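The values are calculated or read from the model by the stated rules, or taken from the named source; none is laboratory data. Quick caveat, the model's predicted, so the values are computed rather than measured. Using ideal geometry, Cβ is built from the backbone for each residue, glycine included, and neighbour counts are taken over all protein chains shown. For the accessible areas, the whole protein counts, side chains as well, though only heavy atoms, and no ligand, DNA or RNA atoms are used. Shrake-Rupley method; radii C 1.70, N 1.55, O 1.52, S 1.80 Å.
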Amino acid sequence: MKRKFSKHWIKSKQPRKQRKYRANAPLHIKRKFLSVNLFKELRKKHGKRNIPVRKGDIVKIMKGKFKKKQGKVLNVKTKTGKIYIEGMQVKKQEGSKVNVMFRAPNLQIIELNLEDKERMKKLNRKKEIKNLKEENKEKENESS
């Protein structure tokens, strides 16, 4: 893996190369690294296991100091791969409060922000394809 970034790179056991791949990835690929696990009911509803997190989503923290707490996503830093959640703050030594950064694998989406029409289209696409396949199977079964 000599080049700065290659889409064709498959995998390596060496953590050094894995870190290099993630660090040098372009933003459109880093966005996919910010996919967060969906709540069981949302999985059934949308037919997906995880979705890239967005500002406005309500998430539950699964690991760490704030485990089992919920909050609204304030900000998503694609470049660094960090997510900020409303109300999750730490007190600094000087007395001021700072928002805590979370990684995507430590979160679970409880409620999706569906204000964006494009996001709705993407979520519904998979369902539409699944329905078309089922209809085609039924037609084939009827004809034979």
> What net charge do the residues around residue 136 carry, taking every other residue with its C-beta under 12 Å from that of residue 136, with Lys and Arg at +1 and Asp and Glu at -1?
Replying inline: -1
>> Give me the extension gain from residue 118 to residue 11: residue separation times 0.36 nm, minus the current Cα-Cα distance, reported in nm with one decimal.
In response: 35.3 nm
>> If the only charges are +1 at each Lys and Arg Cβ and -1 at each Asp and Glu Cβ, what is the size of the charge dipole of the chain around the Cα centre, to the nearest 20 debye?
In response: 1220
> So what J values fall out for the stretch 107-115 if you push phi through Karplus, 6.51 cos²θ - 1.76 cosθ + 1.60 with θ = phi - 60°, rounded to Hz, Gly and Pro as x?
Replying inline: 10, 9, 7, 9, 9, 8, 8, 9, 5
>> Can you pull out the GluC sites (Glu not before Pro) in the stretch 34-110 whose DSSP state is coil and whose Cβ has at most 15 other Cβ atoms within 10 Å?
In response: 94
>> Considering just Cα atoms, how many Å³ per residue does the convex hull of the stretch 1-81 enclose?
In response: 138
> Of the residues 51, 29, 110, which exhibits the maximal mean-square fluctuation in a Gaussian network model of the chain defined by a 10 Å Cα contact cut-off?
Replying inline: 29
> How do 13, 45, 91 rank by accessible surface area computed with a 1.4 Å probe, from largest to smallest?
Replying inline: 13, 91, 45
> Just the accessible area per residue of the chain, please: how many Å² with a 1.4 Å probe?
Replying inline: 78
> Which whole-angstrom value gives the distance between the alpha carbon centres of the stretch 130-144 and the stretch 3-66?
Replying inline: 35
> Of all the C-alpha pairs in the stretch 1-40, what % are more than 15 Å from each other?
Replying inline: 46
>> Students sometimes get this wrong: rank 34, 74 by accessible area, probe 1.4 Å, all chains present, largest first.
In response: 74, 34
>> What does the C-alpha gyration tensor say about the overall shape of the stretch 82-144? Classify as rounded when a/c is under 1.5, otherwise prolate if a/b is larger than b/c, or oblate.
In response: prolate
> Given a Förster distance of 22 angstrom, what is the FRET efficiency for residue 55 paired with residue 92, based on the Cβ-Cβ distance and rounded to 0.05?
Replying inline: 0.35
> Got a number for carbon plus sulfur as a percent of the chain's accessible area, 1.4 Å probe?
Replying inline: 49
>> Suppose R0 equals 35 Å. What FRET efficiency, 1/(1 + (r/R0)^6) with r the Cβ-Cβ distance, do residue 4 and residue 103 give to the nearest 0.05?
In response: 0.90
> Once you treat every alpha carbon in the chain as an equal point and sum by Debye, what is log10 I(q)/I(0) at q = 0.09 Å⁻¹?
Replying inline: -0.41
> Which percent, to the nearest 5, of DSSP beta bridges fully inside the chain are antiparallel?
Replying inline: 90
